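Take a look at the structure below.
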Amino acid sequence: MSNRTVFTAALALGILIGAPFAIADTRDPIREGIRNPASGDATRETQIIARTARDTYGTRQSNLGAGGGAIYGCRSVLDTSSPAAVGDPKRSTPCLRVNNLRTGKAFDFQSNTGRLIGVIQSGNNIAAPRPGVAPFVTNATGVAVGLNADRVDSLSASEIIAQAVRAVQTAAGPNASACPANTSLVSGGCIENAPRAAATYAAASAACGGAGRRLAPPDVLLHARTQEGINLGAGEMSGDITVDAASVLILGPATLTQGYVTVDEAGALATNALTASAPFRCITN
C-alpha cells in the first residue's frame, strides 16, 4: 500500500469521526416537527424576553398553509373555593394568560373575511347546550359597544310599550277605561296608585298573584315615580331578584346570594334580603 493510499484512507476516516453531527439528523426541521426536549418533560418555564417597539411583537407564529398558527394544551384545574380564587392565576392557572402591565389592550381577535370570529365551546359538541357552564366571568360592568342590546324581537323599548298600551286599550273596549279602578297606565301596564303594606317578597308575590297581578318590575317603578300622584318614598319592592352570578355559575347553589330590588322616589336602586319587608305595588300582566 502506497503512502498516498494510506493518507487518503486516514483523511476519510478523520472526516467521518470528526464530524458525526453533520449527518446525525437528516430531517428537515421546517417540514418535520422535532421534539424539544428530545425526551422527558420540561420542568421549568421557557422564557422569551423581548424589548420591541410599537406594532412589533416578541414572537410571531404564522402558517402560510390552511392550518392554524398555534395550539396550546394543559391540564389546569379550577379552584372554586371562592370567587376570588377563580380569577387568581396562582390558584386557577389558565392554559393561556395574557397580562398587560400598562393601560393598553390585553388581546385582539380579528378575522379579515370570515363570517364567524371565534368559538367559546364547553365540551366536545358545540351543538349540545351546557346551561350550567358560564362562557366567562367578568367584573367589568361598563357598556360593551356592539353588545349592548337595545332591541327585542326587532322592537325598540318605545315600540314594545306602545304595543302593550294598544293591547290593554283593545281588551278594555272603546267605551271603558284603559285600566281598572285605583290603577294608572304606566309603561304598558296598570299599576296600583297606592302602595300596599310592607311585606316579605314571598308574601307580596302571593298577594299580587291572588289579585291576578304581579309585582311591578324596577323599570316600571322608575317610570311610575315620574307620574302625578305616585310617590315611592324611601323605597318600594320590585319583582326583580338579584343573583351573585359568579356563585351561581361556578361555585354552585350552595353559596347563592339573593335579594329583591327596591326603587325609591329619587330613582335609587337598592337590594333587600328576601325575608325583609317593604311596601309594594302590583301591576296587571
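Miscellaneous remarks
- Within the span defined as the range 79-95, every residue fails to be exposed (fewer than 10 other Cβ atoms within 10 Å of the Cβ), in a loop (DSSP other than H, G, I, E, B) and β-branched (Val, Ile, Thr).
- Residues of the range 148-184 satisfying the condition of being at pLDDT below 75, surrounded by 13 or more Cβ atoms within 10 Å (Cβ to Cβ) and touching a helix residue (DSSP H, G or I) at 6+ places or on another chain (Cβ under 8 Å): Ala178
- Among the conditions (1) modelled with pLDDT under 90; (2) more than 29 Å from Gly58 (Cβ to Cβ); (3) within 17 Å of the chain's Cα centre (by Cα), Ser122 misses just one, which is (1).
- From the list Gly65, Gly40, Gly33, the one residue that fits, being modelled with pLDDT of 90 or more, more than 32 Å from the chain's Cα centre (by Cα) and either assigned to a loop (DSSP other than H, G, I, E, B) or over 22 Å from Asp108 (Cβ atoms) (or both), is Gly65.
- Any hit, the range 270-277, residues being of a type outside the set (A, V, I, L, M, F, W, C), modelled with pLDDT of 95 or more and out of contact with any helix residue (DSSP H, G or I) (no Cβ under 9 Å at 6 or more places or on another chain): no
- The listed residue being modelled with pLDDT of 75 or more, in contact with a Ser or Thr (Cβ under 8 Å, 6 or more places away or on another chain) and over 16 Å from Pro279 (Cβ atoms), out of Gly188, Gly212: Gly212
- Residue in the range 215-223 that is in contact (Cβ under 8 Å) with a residue 60 or more places away in the chain, in contact with a strand residue (DSSP E or B) (Cβ under 7 Å, 6 or more places away or on another chain), more than 20 Å from Glu265 (Cα to Cα) and surrounded by 20 or more Cβ atoms within 10 Å (Cβ to Cβ) present: no
The values are calculated or read from the model by the stated rules, or taken from the named source; none is laboratory data. Fair warning: this is a prediction, and the values are worked out from it, not measured in the lab. Don't worry about glycine lacking a Cβ; one is built from the backbone with ideal geometry, like all the others, and counts go over all protein chains shown.
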